[in-house]
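Report on the structure given below.
The values are calculated or read from the model by the stated rules, or taken from the named source; none is laboratory data. Please read these numbers as outputs of a predicted model, since none were measured by experiment. Because the Cβ atoms are built from the backbone with ideal geometry, glycine has one as well, and the counts that use them run over all protein chains shown. Remember, those area values only see protein heavy atoms, side chains included, never the ligands or the DNA or RNA. Shrake-Rupley method; radii C 1.70, N 1.55, O 1.52, S 1.80 Å.
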Amino acid sequence: MRGTVLTVSLAAVRDDLAAALEETLRLTRRLAEDARDTEVPVAELVAQATMLGRLDQRREELIGELRRTASAGIRATKPGPPIREVVLGALDELGWPQNARFLEEYLWAKHQLQLDSRAFASLRRDELRAWGRAPGARSAYVVPALNPDGSANPRWLTSSAWDLPQRVIASAETERLFDLQKILALRVRGSRGPLGTLLERYVTQILAIEPPPVSASATTTRAWRTHVRSHTAALIEVIRSCDDEDRGQIAAGLASLPDRDRIWGREA
């Protein structure tokens, strides 16, 4: 019964998305025609553009709903491990601390699992409560990174199973390292797909390198990815030449903290 409800819901969302896209196409064509018509007032063009903006917002809302519904359907038909284990698995795949927003996007692109980034704060609280009930009972917990003074930096999520230097933020360069690792972790082969488009967006955001055009050949796209990976790896090597030592020294200073503080961060 639940599967039937999800299927109906998914179909309804797809219909709504199709309707929104068709309306967007209609209004875009009209705006293009009116933009060439010198008799159409500028105020009218602005009004049409504003309507397009609202449709774009509606499209993004429907895409989010589509992702949530599809994810729920996958979890209902193929129950997987608890969310905490999925997040820990993703962190291990990525290899370095990551922020909730990227983890949300990565889990969707790689596993078609929709986990709202706001849910990560609740997950961390659940993990802390579980640790408080039985410290160390689990092999790993989703925990925050640590600032140089040992306080928690909840912007970056880590695994408690990692070595302390891997969980420490020494400076802004460390955070730059974490961002660059996003690119290196997104190993894309074949067509663009969800992982490919995610890679292109973060390359544009982090490195300010524009992706190949939509019409680019597979050969051109592969060459772009190879260039991006080698460039990113070189940048990471430069940062780590100093940052590894800095993080190691900070971690050595924090190693004597009580277990609770070393894992979850000192209380402010």
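Structure values in brief
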quantity: Test for Ser230: is it of a type in the set (S, T, N, Q), at pLDDT below 95, farther than 22 Å from Leu103 by Cβ and loosely packed, with under 12 Cβ neighbours inside 10 Å; calculated: no
quantity: Contacts under 7 angstrom Cβ, first residue in region 203-228 being in contact (Cβ under 8 Å) with a residue 40 or more places away in the chain, partner surrounded by 14 or more Cβ atoms within 10 Å (Cβ to Cβ) and among the β-branched types (Val, Ile, Thr), 6 or more apart; calculated: Val228/Ile183; Val228/Val203; Val228/Ile209
quantity: Pick from region 109-141, criterion open to solvent by 50 Å² or more (accessible area, probe 1.4 Å) and among the hydrophobic types (A, V, I, L, M, F, W, C), ranking: nearest to Gly265 (Cα to Cα); calculated: Leu128
quantity: Where a residue in region 40-57 is among the charged types (D, E, K, R) and its partner, wherever it lies, is open to solvent by less than 70 Å² (accessible area, probe 1.4 Å) and in a helix (DSSP H, G or I), with Cβ under 9 Å and at least six apart; calculated: Glu44/Asp34; Asp56/Thr24
quantity: In region 112-149, the residues that are within 30 Å of Glu173 (Cα to Cα), of a type outside the set (Asp, Glu) and in a helix (DSSP H, G or I); calculated: Ala119, Phe120, Ala121, Ser122, Leu123, Arg124, Arg125, Leu128
quantity: Residue that is at pLDDT 80 or above and either open to solvent by 50 Å² or more (accessible area, probe 1.4 Å) or not polar (S, T, N, Q) (or both), where the choices are Leu10, Leu55, Leu6; calculated: Leu55
quantity: Residues located in region 81-108, provided they are over 26 Å from Arg240 (Cβ atoms), under 12 Å from the mean Cα position of the chain (by Cα) and touching a residue at least 40 places away in the same chain (Cβ under 8 Å); calculated: Trp108
quantity: Those residues of region 27-43 which are exposed (fewer than 13 other Cβ atoms within 10 Å of the Cβ) and closer than 23 Å to Arg59 by Cβ, in sequence order; calculated: Arg29, Ala32, Glu33
quantity: Unmet criterion (only one of (1) among the aliphatic types (A, V, I, L, M); (2) open to solvent by 40 Å² or more (accessible area, probe 1.4 Å); (3) closer than 19 Å to Lys110 by Cα) for Ile183; calculated: (2)
quantity: Of the criteria (1) within 30 Å of Ile183 (Cβ to Cβ); (2) modelled with pLDDT of 85 or more; (3) not in a helix (DSSP H, G or I), which one Val40 fails; calculated: (1)
